[in-house]
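Everything on this sheet refers to the single structure shown next.
The values are calculated or read from the model by the stated rules, or taken from the named source; none is laboratory data. Bear in mind that the values here come from a model prediction, so they are computed numbers and not experimental data. Here the Cβ positions follow ideal geometry from the backbone for every residue, glycine too, while neighbour counts run over all protein chains shown. Just the protein is used for accessible areas: all its heavy atoms, side chains included, with ligands, DNA and RNA removed. Shrake-Rupley method; radii C 1.70, N 1.55, O 1.52, S 1.80 Å.
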Amino acid sequence: MNNWFTDFYAAIAKSPLSHWLETLPAQLSHWQREAQHGDWPKWEKVLKNLPESKTKHINIQDKVEFGEASELSEGHTKQLEHLLKRMMPWRKGPFTIHGLHIDTEWRSDWKWDRLLPHISDLTNRTVLDIGCGSGYHLWRMRGAGAEFVVGIDPSDLFLSQFQAIKHFNPDPNVHLLPLGVEQLPQLKAFDTVFSMGVLYHRRSPIDFLAQLKAQLRPGGELVLETLVVEGDVNTVLMPTDRYAKMRNVWYIPSTAALTLWLERVGFKNVRVVDNDQTSLEEQRKTDWMTTESLADFLDPNDVNKTIEGYPAPLRAILIAEA
Ligand SMILES: Nc1ncnc2c1ncn2[C@@H]1O[C@H](C[S@+](CC[C@H]([NH3+])C(=O)[O-])CC(=O)[O-])[C@@H](O)[C@H]1O
């Protein structure tokens, strides 16, 4: 049994999340026995070989930076870069570890800056991030005062990246579990639930919104971010096949339609707090993600269209109360 499973079980045993222990251990043992990605042993080897660090330099307030450059020898920094590059592609970040800058495909910090002024203060809150990727925002949530932060994401690559970063700041109150939203019981226990960049991947968006609500305590706050299109309450785009070269894109509603969906599943006080067309500076190819990125997903003659001719990615942030 991995330590991080048991650490997590111990952390929630006496909390309002204890009810999770009825389903979680069987799911994680199943993942460990049968569902791990084929590259997991390679990533585990990376994790085992990371240089030791007992740094006290932790910045999660305005970026995610662990350790100072001077605390690691040049040789160890080179080794660290070599090891972490074995976990490419690095999509969500950026992270700086002992001076090594992991310049990820996405400037996830920009999304954070857009939402932070609008959400309830996270101080002392128990927070869930559904579809958290490598966990960049988990650190920022903790940096904003959250007491206990859990992310779920079914991608084992992102879990391994999260564990690599956590190696340099083993905070017992920040966790990532390899689960999909459909595997969550109705916990009704979180003060804030985030779900960003996931709704359009779901085939049943209304069921998805109900699953998000089922994780919140009454009065808890949902922070939902997703692709949207311009239009009225009856506008929803369903791409015929790919959208911006992405497979698995199902529903892209207008903010008015999404507001109605949220209200229909019982959310109150729904507000659209941000609308933003993704720029070529926010999502781009870097040394840590060397394959195609947004510039390749847009029409080369018109950046306001995807390569398939749909409206270019426009993202909205909505806040609602359970
Ligand atoms: N069933 C599922 N349950 C939970 N997560 C899922 C599921 N299916 C896919 N995911 C995960 O949802 C994340 C979506 S990315 C947003 C990351 C971050 N939130 C961000 O806002 O930067 C955006 C994108 O890929 O378009 C990925 O990490 C998937 O593994």
Checklist entry - Between Glu182 and His118, what is the label-to-label distance in nm when each label sits 7 Å out along the Cα-to-Cβ direction? => result 2.9 nm
Checklist entry - Looking at Ala26, Pro170, Phe5, which one has the Cα that reaches farthest to the positive end of the dipole of the chain (charges on Cβ: Lys, Arg +1; Asp, Glu -1)? => result Ala26
Checklist entry - Okay, helix-only estimate at 222 nm for the chain: each DSSP H run of n ≥ 4 adds -39500 (n - 2.57), divide by all residues, round to 500 deg cm²/dmol; what do you get? => result -8000 deg cm²/dmol
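Taking only C-alpha pairs under 8 Å that are 6+ residues apart, what is the relative contact order of the stretch 7-321 in percent?
16 percent
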Item to check | In Å², nearest 10: area of Met238 left accessible to a 1.4 Å probe | outcome: 100 Å²
Item to check | Difference of contour (0.36 nm per residue) and Cα-Cα distance, Glu74 to Arg271 | outcome: 66.0 nm
Checklist outcome for this item: Yeah, the chain with a ≥ b ≥ c from its alpha-carbon gyration tensor (a/c under 1.5 is rounded, else prolate when a/b outruns b/c, oblate otherwise) is oblate
Next on the checklist: Ordering Glu52, Glu65 by accessible area with a probe of 1.4 Å, largest first, what comes out?
Outcome noted: Glu52, Glu65
Checklist entry - Taking all protein chains as present, what is the carbon and sulfur share of the accessible area of the chain, in % to the nearest whole number, probe 1.4 Å? => result 48 percent
Checklist entry - How much net charge surrounds His175 when only other residues with a Cβ under 11 Å from its Cβ are counted (Lys, Arg +1; Asp, Glu -1)? => result -1
Checklist entry - Spin-label point model (7 Å from Cα, Cβ direction): what's the Arg264 to Ile307 distance in nm? => result 3.3 nm
Checklist outcome for this item: Two pseudo-spin positions, 7 Å from Cα along C-beta at Asp207 and at Glu52, lie apart in nanometres by 4.9 nm
Next on the checklist: What figure, in Å² to the nearest 10, do you get for the accessible area of Lys285 with a 1.4 Å probe and non-protein molecules left out?
Outcome noted: 110 Å²
Item to check | 1.4 Å probe accessible area per residue over the stretch 7-321, in Å² | outcome: 44 Å²
